[in-house]
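Below you'll find the structure, written out as structure tokens, and then a few comments.
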Amino acid sequence: MIGTVLVANRGEIACRVFRTCREWGIRTVAVHSDADANALHTRVADTAVRLPGATPAQTYLRGDLIVKAALEAGADAVHPGYGFLSENADFARAVLDAGLVWIGPSPSSIEAMASKTRAKELMGLVPLGEPTEADLPLLVKAAAGGGGRGMRIVRRLDELDAALEGARAEAASAFGDGEVFLEPYIENGRHVEVQILADTHGTVWALGTRDCSLQRRHQKVVEESPAPGLSEELVAELHALSVRAARAVDYVGAGTVEFLVADGKAQFLEMNTRLQVEHPVTEAVFAVDLVALQITVAEGGALDTDGPPRARGHAVEARLYAEDPSTDWTPQTGTLHRLTVPDTVRLDTGYDDGTEIGVHYDPLLAKVIAHAPTRAEALRKLAGALERTTIHGPTTNRDLLVRSLRHEEFTSGAMTTAFYDRHLAVLAPQLPDPYAPLAAALADTYGRSRFGGWRNVSSQPQVKRYEAGGEENEARYRHTRDGLEADGVRVVHADAHLVVLEVEGVRRKFEVSRYGDEVYVNATRLRPLPRFSDPAAQLVPGSLVAPMPGTVVRIAEGLAVGAPVKAGEPLLWLEAMKMEHKITAPLTGTLTALHAALGHQVTVGSLLAVVQDT
């Protein structure tokens with residue numbers, strides 16, 4: 001029997017595994033980088049072990065140090081989570097060689113399926129040879145790992161070399177393996193997958209289907225089970241192919257077989273030899289704990305030979321990311337002051353209030369999961385819960401998720417992997433509440449003075465300025481002997497934390513919170529502005545500033561001061577949260593300044609370069 005489990009991972013998945021371990025009476029061991037010394041997963045574990053590393057992300061790729069930590073902490077089993085070393089056969093072998101239990105498939109199964117190129121060969125699929133114009137568009141894809149890292153779309157052959165270079169660099173950074181391959185890119189398919197679970201006694205379960213078509217940067221955003229609109233024949237085919245794949249490599253444990261479905265036909269993509277991020281929707285529909293079943297199988301226990309429990313209802317999961325969809329999904333960093341989700345849904349997260357969101361890891365804040373008798377009810381339940389979620393901290397994709405869950409193409413089940421290519425412009429914009437600045441100003445006034453800021457000259461309005469969503473906003477109001485007045489709005493109540501306004505006969509409540517120089521009014525983040533701007537703080541036209549904190553990992557070949565550049569031309573690349581982000585020229589002209597250098601760490605707003613119109 002397993003008594004102590006070390007999770008060779010961090011964040012949300014580590015906390016998720018620890019939760020099951022606690023319920024089962026199993027002791028837990030966390031590992032952490034220096035950047036994660038006070039992270040939630042280190043605090044909820046019974047024991048935590050520091051791992052030295054060159055960079056925080058590379059720390060979790062040091063299998064030798066993780067095995068050593070497991071032995072020193074008295075663990076008798078290792079759970080890999082997802083990402084990092086979860087599909088690394090050498091790591092699995094090292095765990096077993098150390099006399100520890102590996103809560104996952106055998107090293108030989110991982111080797112057979114973890115490389116997408118070898119997996120395709122095992123399934124009898126011929127890899128793409130030398131690409132031609134007829135093969136376009138193409139997808140460059142990392143052979144190891146997943147999560148959208150190491151992937152690039154190629155629409156012209158002259159883009160191929162740059163795409164290969166970028167994909168290799170990103171894959172090597174994320175997985176320690178820079179191997180990539182090419183496959184045809186299907187524009188309007190659906191991403192459908194099957195959860196499998198196998199024991200050491202020859203039983204293999206196929207637990208329904210999941211649809212993961214809503215993706216950005218080839219990384220899933222919304223997942224659901226079962227996949228809507230599939231025929232019984234197609235579902236049976238997907239199950240049969242998945243079980244066949246598992247049996248072909250003597251698979252043991254939890255895994256996922258992924259397909260691209262188009263025109264009623266399924267194309268095998270890959271098999272992930274680990275627990276998936278989206279596993280909670282399967283747990284909800286089948287009323288099982290997949291982590292508990294992983295432990296059972298690792299201990300030699302048997303699955304029911306009659307198959308899994310009967311599926312009930314529908315489940316949907318939304319991934320809450322610290323990113324701004326309206327600015328090319330740029331990751332966001334800073335302090336997560338508050339995260340509160342209604343208790344009508346399940347929340348899986350690796351963060352709690354006051355946690356710092358850094359630049360080193362994936363920007364996933366949390367997963368929010370709803371389960372209901374029907375798909376329509378599950379979508380409504382999840383959208384409503386997200387709408388009522390309080391997030392005080394970096395910009396997130398919360399509004400995008402709510403709009404996506406209510407979009408007609410998604411609610412009708414007609415979505416494809418190109419959903420955001422078609423609808424992002426409508427779904428992404430951040431829309432601050434127009435009355436938030438007024439509420440912030442009123443709360444600020446009452447917060448600073450017990451007299452409410454009343455003054456005798458009522459003809460002159462009070463004016464306060466705030467930045468919200470990248471735009472300046474003014475709040476104007478007057479103090480009179482009869483109370484507060486604002487154009488077109490009746491002030492029903494105002495104090496430091498709550499403002500109630502009556503707008504066109506409808507009363508609206510505004511909760512106000514402050515954290516340093518940030519003010520949050522319900523879901524809107526505001527930054528107070530000084531009455532007069534500083535002219536010296538203005539950047540010259542053509543200035544390129546860092547949209548996020550990160551590391552300069554590439555600079556365009558031959559780029560130097562005095563070089564001509566074209567609008568939209570890539571100049572340099574930043575790595576943030578394990579993905580590369582391209583910085584392009586804002587206009588056609590001449591590069592007149594280059595402040596970025598390879599390896600430099602930059603912060604938000606750092607001046608990288610200047611391009612001037614010549």
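Read-outs: derived from the displayed coordinates by stated rules, not from any lab. Quick caveat: nothing in here was measured; it's all calculated off a predicted structure. Cβ sites come from the backbone with ideal geometry, for glycine too, and all protein chains shown count toward neighbours.
The table below lists the values:
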read-out: Leading residue at positive end of dipole, the chain (Cβ point charges), from THR551, VAL500, CYS21; value: VAL500
read-out: Fewest-first sequence of MET123, MET1, MET113 by Cβ atoms within 10 Å of each Cβ; value: MET1, MET123, MET113
read-out: For THR330, distant residues with modelled amide H under 5 Å away; value: ASP324
read-out: Three-way shape call for the range 215-274 based on the alpha-carbon gyration tensor, with the a/c threshold at 1.5; value: oblate
read-out: Cα-based convex hull, the range 536-612, per residue volume (Å³, whole number); value: 81 Å³
read-out: Pair HIS201, ASP517: separation of 7 Å Cα→Cβ label points (nm); value: 6.4 nm
read-out: Loop-located trypsin sites (Lys or Arg not before Pro) in the range 476-560 whose Cβ has at most 11 other Cβ within 10 Å (DSSP); value: ARG481, ARG531
read-out: P(r) of the chain over all Cα-Cα pairs, binned every 10 Å from zero, in whole percent; value: 3, 15, 24, 25, 18, 10, 4, 1, 0
read-out: Proximal lysines relative to LYS141, as straight alpha-carbon distance under 19 Å, when same-chain residues fewer than 8 apart are discounted; value: LYS116, LYS120, LYS220, LYS578, LYS582
read-out: DSSP-defined beta bridges in the chain - what % are antiparallel, rounded to 5; value: 90 percent
read-out: Dipole in debye (nearest 20) - the chain, about Cα centre, beta carbon charges: Lys, Arg +1; Asp, Glu -1; value: 1720 debye
read-out: Net lengthening on full extension, HIS407/ASP46 (0.36 nm per residue, minus Cα-Cα); value: 125.6 nm
read-out: Mean separation of Cα contacts under 8 Å, 6 or more apart, over the residue count of the chain: relative contact order %; value: 10 percent
read-out: Label zone at LYS68, where the point sits 7 Å out along the Cα-to-Cβ direction: the range 13-48 residues whose backbone N lies under 18 Å; value: 30-35, 48
read-out: Rounded if a/c under 1.5, otherwise prolate or oblate - the range 89-248, Cα gyration tensor axes; value: oblate
read-out: Residues VAL235, VAL359, VAL7, VAL67, sorted so that the one with the fewest Cβ neighbours within 10 Å comes first; value: VAL235, VAL67, VAL359, VAL7
read-out: Net length gained if the chain between SER543 and ASP495 were fully extended (0.36 nm per residue, minus Cα distance); value: 13.1 nm
read-out: Debye, to nearest 20: dipole size of the range 190-427, +1 on Lys, Arg Cβ, -1 on Asp, Glu Cβ; value: 440 debye
read-out: Tensor-based shape of the range 19-68 (alpha-carbon gyration tensor, a/c under 1.5 rounded, otherwise prolate or oblate); value: prolate
read-out: The range 160-239 - charge dipole about Cα centre, Lys and Arg +1 at Cβ, Asp and Glu -1, debye rounded to 20; value: 260 debye
read-out: Relative contact order for the range 4-103, counting Cα pairs under 8 Å that sit 6 or more residues apart, in percent; value: 30 percent
read-out: Label-to-label distance, nm, for residues given as GLN612 and THR480 (7 Å Cα→Cβ offset); value: 5.4 nm
read-out: Fully extended contour minus Cα-Cα distance, from ARG156 to ASP306, at 0.36 nm per residue; value: 48.9 nm
read-out: For VAL519, VAL500, order by how many other beta-carbon atoms lie within 10 Å, fewest first; value: VAL500, VAL519
